[in-house]
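Undergrad: Have a look at the structure that comes next, please.
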Amino acid sequence: MKSKILLTVIFVFYHVITITAGELIVTPEKPQKGATISVSYKSDGYFQNGEQISLFIYCFITGEKTIEGNETPMTYDNSDKIFKATFQFPQKVNFALLKVGNGKKFDTNQSEFWQLLFYGNDGKPLQGANLNCAVSFMGMLPQNVSRIVRFDKALEYFQQEIALYPDNIQAQIGFASLNFDMRKISKDDFDAALKRIIMSGFDENNEGDLRAVVRSLRTLDKNDKAQQLERKFLENHLQSDLAEELAMAQLAKTDNLKEFSSDVQKYLKLFPNSPNRERVFSALVSGYLQDDRYDDIYTLLNTYADVPSSAYAKLAMAYLDNAEKMNEKQIKRNLGKALDILKYAIEEARKLDYHYRPKHLSESEWKLSKMMEYADILKLYGQVNHLAGNIDDALKYLNESKKLFESNTPPDLYLELIETYIESFKDSIAYNLASEAIIESKNSKETDNYHKILFDSLNFRGDYKNVYDSLSSLAKKKRLGELAYEQLNIPVSLGSVNSLLGKELKFDSLRGKVIVIDLWSTWCGPCKESLPAMDNLYSLYKDSSDIVFVSVDVWEKEEGKDRIENIKKFFGKSDYDLPIYIDNSNILPYKLGVTGLPTTIYIDKKGIIRFKDIGYVNADFLMNASDKIDFLRSK
């Protein structure tokens, strides 16, 4: 093989709106295990009176890593003007998060969700309830139940768990680790705490306890002891979450295709309903493609039942790679092959096999994700039909895809439809689609170019610039309207940072201004891409007195002069106007609830975090960031 097999997967993303909090009341306030709760919800106006909405419930199970997603419909009470629902919890639940929604937009209580701790007959929260609550604030939950990161809250709930249940080793280790990360204790004190906790004893058959201890042992460089504990646990727990994780890790290390293919078969036999199935099949396809064994992997996939559609899609598109190096006969053959393979992908994407449903997704959330997967495969099938010259089939499947995507229609689907309609001599339809793409903020340079050409060819009256500006203004108004419902509400006190010349900047002195904080590091690959874009954003607002940009280097190993020199080396000859600062304490990310880089934080004039962008995506960065700044400036 040419390189190590990578465990990657094609993901289908869809946009879900989270909105400003309505009022949700749960009774009883302190439910006991297995309780039935009654919920009343008063919308803030985003959901219409009588609209079909549901209560979404995410159950945290005692002693398990799994989160179970549930939902129950809410009925509307016309007399009280509120939505109501009831739900009975399983006996094993000790903590839950709640949200309300119609499947496409949700009230997540400004990303805090509503939380429920379950209580025993003694009036105390059940063991593990505060622990699960603490973990829920640390940014490690699945996307559909990912509440805002609050490390201060996590510490608080770790502490409460330890106060009630001093022997909870997971809470002890979590509390010590977070205190160290937040620079509240030294490395020596942290190591001493871990040793003391481990020596106090733990249940080697409790997977959560064992995981916590293994992580601690590796932190203490006691890898042999950690592996010994894992091996002992696996002897009696062959299908545990830990067993699956270690099996995945072993697959990732395999660089022999024959061995990897055999190991995949064993993995899928042992973990048939694994949430990692898609990644495993994607890696299997990648391995064969690296060896140019296209037909062999096609044959192999057909020996499996229920192959993820993304695996077939990946193979189909591989047949079209490097088309510029093929002759006409080869292109025709490969287009036919790709279309045949995508038929399998469509068949798989249509299926609703409930045993493959990820536990953290409620039924409607899973159905929506499957629908988006199906829409994406139809889009690919339409695109390949377009390439093959099958215009009618292309339009059929592209339009079906767009119908399923609805407001999530991606820019490349708009473009493909526009080009296909132009080839069909249906310029009016193409123009309307280009206009719609602009209004929905799904336009690109190519889309805009077609829009101008079609405007002229259809002999519309008026000045084109006025028409385009009017559509763009509608798009901006729509985006800002959505932002009003996507705001966070986190007051913060941030201390200070220092410029490269050592000048201190106190965040309290910036009250009354919109603050844009960009967090990055020299070792962060995506940060190298995001910084030029952030510099371009700064150039748009650098003359505005009500906006302050604070670009902060964080989480570096170097200190003092070495750190400054490293930063200068990182920038090299790049000529940035963006003000650069250093967080010498490395505490700022934890105050801001940051779990990865780059991250951009938008703080309003009252010192409240309103928006947080995690990671960097080049497409539409300037537009989305400018929207947030303009929205906060107007308040």
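Undergrad: Would you mind checking the range 503-524 for residues with the amide N under 16 Å from a putative spin-label position 7 Å along Cα→C-beta of residue 635?
TA: Residues 511-517 fall inside that zone.
Undergrad: As an exercise, find the ratio Rg/Rh for the chain from alpha-carbon atoms, using the Kirkwood inverse-distance average for Rh.
TA: 0.97
Undergrad: For the chain, what is the accessible area per residue in Å² when the probe is 1.4 Å?
TA: Heavy-atom accessible area per residue stands at 49 Å².
Undergrad: How big is the gap, in Å, between the Cα center of the range 565-615 and the Cα center of the range 143-206?
TA: The distance from the Cα centre of the range 565-615 to that of the range 143-206 comes to 27 Å.
Undergrad: Subtract the Cα-Cα distance of residue 239 and residue 322 from 0.36 nm times their separation in residues, and report this length gain in nm to one decimal.
TA: Gain on stretching residue 239 to residue 322: 25.7 nm.
Undergrad: Along the charge dipole of the chain, which of 517, 336, 190 sits closest to the positive end, that is, farthest toward it, with unit charges on the beta carbon of Lys, Arg, Asp and Glu (+1, +1, -1, -1)?
TA: Farthest towards the positive pole: 190.
Undergrad: Another question, then. Using each residue's phi in the range 233-240, evaluate 6.51 cos²θ - 1.76 cosθ + 1.60 at θ = phi - 60° and report the 3J(HN,Hα) Karplus result to the nearest Hz, with x for Gly and Pro.
TA: For the range 233-240, the Karplus-derived couplings read 5, 5, 4, 10, 9, 5, 10, 6 Hz, x marking Gly and Pro.
Undergrad: Ordered by residue, what ³J(HN,Hα) values in Hz, to whole numbers, does the range 271-286 give under the Karplus form 6.51 cos²θ - 1.76 cosθ + 1.60, where θ = phi - 60° and Gly and Pro are x?
TA: Here the 3J(HN,Hα) series is 10, x, 10, 4, x, 8, 3, 5, 4, 5, 5, 4, 5, 4, 4, 4 Hz.
Undergrad: Kindly provide the trypsin sites (Lys or Arg not before Pro) of the range 384-429 that DSSP labels as loop, not H, G, I, E or B, and whose Cβ sees at most 16 other Cβ atoms within 10 Å.
TA: Here the sparse-neighbourhood loop sites are 426.
Undergrad: Quick one: which residues, 5 or more positions from residue 582 or on another chain, have an amide H under 5 Å from its amide H? H modelled 1.01 Å from N in the peptide plane, none for Pro or chain starts.
TA: 498, 499, 553
Undergrad: Once neighbouring chains are kept in place and the probe is 1.4 Å, which whole percent of the accessible area of the chain is contributed by carbon and sulfur?
TA: In the chain, the share of accessible area belonging to carbon and sulfur is 49 percent.
Undergrad: Lys and Arg at +1, Asp and Glu at -1: add these up for the other residues within a Cβ distance under 12 Å of residue 101 and post the number.
TA: Net charge in that neighbourhood comes out at -1.
Undergrad: Continuing with this model, one more query. Please give the solvent-accessible surface of residue 563 in Å², to the nearest 10, using a probe radius of 1.4 Å with every protein chain present.
TA: 10
Undergrad: Tell me the trypsin sites (Lys or Arg not before Pro) within the range 35-125 that lie in a loop according to DSSP and have at most 11 other beta-carbon atoms within 10 Å.
TA: Within the range 35-125, the qualifying trypsin sites (Lys or Arg not before Pro) (loop, at most 11 other Cβ atoms within 10 Å) are 81.
Undergrad: A further question follows. Restricting to DSSP loop positions (anything but H, G, I, E, B) with no more than 16 other Cβ atoms inside 10 Å of their own Cβ, which chymotrypsin sites (Phe, Trp or Tyr not before Pro) remain in the range 397-475?
TA: In loop regions of the range 397-475 (DSSP not H, G, I, E or B), the sparsely surrounded chymotrypsin sites (Phe, Trp or Tyr not before Pro) are 425, 460.
Undergrad: Something else about it: Quick one: putting +1 on the C-beta of Lys and Arg, -1 on the C-beta of Asp and Glu, what dipole do you get for the chain around its Cα centre, in Debye to the nearest 20?
TA: 540
Undergrad: Compare the peptides 524-530, 352-358 by average per-residue count of other Cβ atoms within 10 angstrom and give them in order, highest first.
TA: 524-530, 352-358
Undergrad: Pick out, from 286, 60, 25, the residue whose Cα sits farthest towards the positive end of the charge dipole of the chain, with +1 on the Cβ of Lys and Arg and -1 on the Cβ of Asp and Glu.
TA: Ranked along the dipole, the leading option is 25.
Undergrad: Contact order normalised by length for the chain, with contacts defined as Cα pairs under 8 Å and 6 or more residues apart; what percent is it?
TA: 11
Undergrad: While we're looking at this one, here's another question. Say the dipole of the range 580-635 comes from +1 at the beta carbon of Lys and Arg and -1 at that of Asp and Glu; which of 623, 592, 634 then lies farthest toward its positive end?
TA: Ranked along the dipole, the leading option is 634.
Undergrad: Separate question: Where the only charges are on Cβ atoms (+1 Lys, Arg; -1 Asp, Glu), what is the dipole of the range 502-633 about its Cα centre, to the nearest 20 debye?
TA: It comes to approximately 320 debye.
Undergrad: What residues of the range 19-42 lie in the reach of a label at residue 48, counting those whose backbone N is under 20 Å from a point 7 Å from the Cα along Cα→Cβ?
TA: The answer is 19-20, 22, 41-42.
Undergrad: Mind checking the dipole of the range 153-245: about its Cα centre, +1 per Lys or Arg Cβ, -1 per Asp or Glu Cβ, Debye to the nearest 20?
TA: 400
Undergrad: Could you work out the percent of alpha carbon pairs in the range 321-441 separated by over 22 Å, rounded to a whole number?
TA: 44
Undergrad: Okay, moving on. Rounded to whole Hz and in sequence order, give me ³J(HN,Hα) for the range 446-457 from the Karplus expression 6.51 cos²θ - 1.76 cosθ + 1.60, θ = phi - 60°, writing x for Gly and Pro.
TA: Coupling constants for the range 446-457: 5, 4, 4, 5, 4, 4, 5, 4, 5, 4, 6, 5 Hz.
The values are calculated or read from the model by the stated rules, or taken from the named source; none is laboratory data. Everything numeric in this text was worked out from a predicted model, so none of it was measured. Note: ideal-geometry Cβ built from the backbone for every residue, glycine included; neighbour counts use all protein chains shown. With ligands, DNA and RNA removed, areas are computed over all heavy atoms of the protein, side chains included. Shrake-Rupley method; radii C 1.70, N 1.55, O 1.52, S 1.80 Å.
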